Amino acid sequence: MTSAKIIIDKNEYEFPLITGTEQERAIDISSLYAQTGCITLDNGFQNTGACASAITYIDGDKGILRYRGFDITELAEKLTFVETAYLLIYGTLPTIDQKSVFSRHLTENSMLHEDMTHYFVGMPPHAHPMAILCAMVNSLSIFYPHSFIDDDNPAVFDLIAARLISMIRTIAAFSYKKSIGEPFVYPRHDLRYCMNFLNMMFSSPVKPYECDQEAERVLNKLLILHADHEQNCSTSTVRLVGSSMVNLYASVCAGICALWGPLHGGANQEVIEMLEDIHRKGHSVQDVIAMAKDKNNSFRLFGFGHRVYKNYDPRAKILKDACSSFLSGRSMNDPLLDIALELEELVLRDEYFIERKLYPNVDFYSGILYRALGIPASMFTVMFAIGRMPGWIAQWREMHDTKPFRIGRPRQVYVGSAHRSLP
Ligand code: ACO
């Protein structure tokens, strides 16, 4: 079948049926309004494909996630975050030369303009790191105003992409140092991406950071798992904002704001706070589950449920295993991991969650690993944003290169007052 028919008031209209690589099907309704005078209405975009994309594939029923065709489990096992970023943005695995040029770009663009560091001074120490991140990423368009995309010069895009991936890491580490009242540690040219971040976070004038390769491996894995997830809330935001032809810094900044919300990337902080509450206040896991099921209570079990996954989120599976092996490798015992495991076990046996196909998502176990790395809960969503940066950039570029190019502009069904006159 290559077309779909819609019947309105006994009139029949035909629309092309589009088939994706994995045989998923979509009705192309771009001519619907012109043909019928009707629009579609889809609250929360549950059935609306906003674009055709060649970047990430998800099968939510089977729990499959692939970047550019490669399975997430294999990528998390064998690649670094920097290689994954290249794959997402440029569509192929980098050759040795491409990797070295890309890494050099990241290294050369890791330092913030020194004047930007003064911004941190005026920020209150209790400022949420996500608020600082939004402000500082947007500030990049103040400091680098001449580097907007030039279709005739792809090197400009390469520079901006490298700058964003590299500088978000420096901004994140500086905002942490600001929050604990320690001097900034500048990026180093001799350290790899993740080790450089750990060094900026944990070195201090009184105690240098001792390079920890296992921590570096775990951080690479975490960032790879967060690197893209097709048309979620923040990525759709980046595409929509970017479709006005505003610069990449501003588009990505909008994505960071969208990510912050507790129903999206902000859930990782909520999960840890929920587990801490259970631990500290002595709530039972059963009480928390009952609260999440109570329709008179707005509380949700953070780290469970997903719009697309109606099966175990493959990222959560990888992170659950990584939590156990990283903690046991260091003889660390985190009571929050025990609570999380108990919570998951009960949830997966509970009719309410089974019926609604609610499984752990990426945010359920990531916080336990970040804690084990010494990263505080207030920084968790910032870590997510560092990981997601290559995905946002790749999606922005794909949107930008789509022909014919169109600004994103949904419609509405107006349900307000009919025309009336002032008294
Ligand atoms: N706890 C309790 N009930 C839940 C949960 C949850 N975590 N998630 C969904 N439900 C229930 C809803 O109440 C609803 O029940 P109903 O049919 O009786 O009304 C049903 O399951 C369907 O939920 P929706 O909200 O319609 O699902 P939607 O696809 O719109 O939302 C979302 C997905 C936002 C992720 C939701 O599952 C949720 O709020 N989860 C908790 C927050 C979270 O972990 N977010 C991170 C997601 S991953 C990411 O963004 C990186």
- Please list, ordered by first then second residue, the pairs with beta carbon atoms under 7 Å, 6 or more apart or interchain, first in segment 288-312 and of a type in the set (Gly, Ala, Ser), second assigned to a loop (DSSP other than H, G, I, E, B) and surrounded by fewer than 16 Cβ atoms within 10 Å (Cβ to Cβ). Ala292/Phe299
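Go through the residues of segment 255-274 one by one and say whether even a single one is away from the ligand (no atom under 16 Å from the Cβ) and in contact with a helix residue (DSSP H, G or I) (Cβ under 9 Å, 6 or more places away or on another chain).
Within segment 255-274 (the criterion being away from the ligand (no atom under 16 Å from the Cβ) and in contact with a helix residue (DSSP H, G or I) (Cβ under 9 Å, 6 or more places away or on another chain)), the answer is no, since none of the residues qualifies.
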- Close pairs from segment 18-37: first farther than 22 Å from Gly408 by Cβ, partner small (Gly, Ala, Ser) and surrounded by 14 or more Cβ atoms within 10 Å (Cβ to Cβ), Cβ under 9 Å, at least 6 apart: Thr19/Ala26; Arg25/Ala4
- Note on the structure: Filtering segment 330-353 down to residues that are of a type in the set (Val, Ile, Thr) and under 15 Å from Ile272 (Cβ atoms) yields Ile339
- Among helices (runs of 4 or more DSSP H) completely within segment 310-423, the ones holding 3 or more residues that are under 28 Å from Arg300 (Cβ atoms) and away from the ligand (no atom under 16 Å from the Cβ) are 314-329, 335-349, 362-373
- Query: Does Ser298 satisfy the condition of being hydroxyl-bearing (Ser, Thr, Tyr), within 14 Å of the ligand (Cβ to nearest atom) and over 21 Å from the mean Cα position of the chain (by Cα)?
  - Reply: yes
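Of everything in segment 65-83, what is part of a strand (DSSP E or B) and within 16 Å of the ligand (Cβ to nearest atom)? Give them in sequence order.
If the condition is that a residue be part of a strand (DSSP E or B) and within 16 Å of the ligand (Cβ to nearest atom), then Leu65, Tyr67 are the ones that fit.
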- Query: Do any helices (runs of 4 or more DSSP H) entirely within segment 198-292 hold 2 or more residues that are outside the structural domain of Ala385 (by TED's automatic domain parsing) and in contact with a Gly (Cβ under 9 Å, 6 or more places away or on another chain), and if so, which?
  - Reply: 267-281
- With criteria (1) in contact with a strand residue (DSSP E or B) (Cβ under 9 Å, 6 or more places away or on another chain); (2) at pLDDT 95 or above; (3) more than 10 Å from the ligand (Cβ to nearest atom), Leu240 comes up short on (1)
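The values are calculated or read from the model by the stated rules, or taken from the named source; none is laboratory data. All values reported here derive from a predicted model rather than from experimental measurement. We place every Cβ from the backbone using ideal geometry, glycine too, and count neighbours over all the protein chains shown.
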